[in-house]
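Some notes on the structure that comes next.
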Amino acid sequence: MNILCFHFSLLRRLKKKEDKTFQATTWQIVFNLDKVEQNQTYTLRVALASTTVAELQVRVNDPKANPPLFSSGVIGKDNSIARHGIHGLYWLFNADVPGAQLVEGKNTVFLTQPQAHTHFLARK
């Protein structure tokens with residue numbers, strides 16, 4: 001499985017002005033597959049730059065899967081968000097995706113940044 005995307009994720013502030021809390025962000029990558037080998041393992045490669053106390057969780061075709069298919073754990077301490085992302089570290093992850101989790105036709109990969117404590121926590 002080869003998926004190329006540019007992903008930029010900042011936390012969302014909850015709508016109330018007096019509410020200073022943040023909410024996790026989930027992005028979706030939707031793609032079609034003509035054929036799936038159910039007994040094969042596919043690899044999803046994800047590159048992250050400019051992470052600051054962030055976590056990447058990957059789910060496939062089930063946005064509420066618990067546990068997620070892959071979690072990076074909490075990574076990044078370079079505070080690059082405050083410095084406009086120009087000095088961040090580069091992280092590369094490979095997630096094994098069992099063919100049984102994919103379907104012929106429409107599939108969705110869910111990328112979630114669940115660390116939601118302050119606006120300086122994000123990934124790019």
Self-check item: Extended-chain gain in nm, criterion 0.36 nm per residue less alpha-carbon gap, D62 and V30
Solution: 10.3 nm
Quiz item: Which far-off residues, 5 or more places away or on another chain, put their amide H under 5 Å from the one on Y42, with H placed in the peptide plane?
Solution: V97, G99
Practice problem: Can you tell me which of 94-102, 35-43 comes out highest on packing, and rank the rest after it, using the mean Cβ neighbours within 10 Å? | Solution: 94-102, 35-43
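Since every read-out is calculated from the coordinates, none of them should be taken as a lab result. Since we're looking at a predicted model, the values are computed, not measured. Counting neighbours? That spans all protein chains shown, and the Cβs are built from the backbone with ideal geometry, glycine included.
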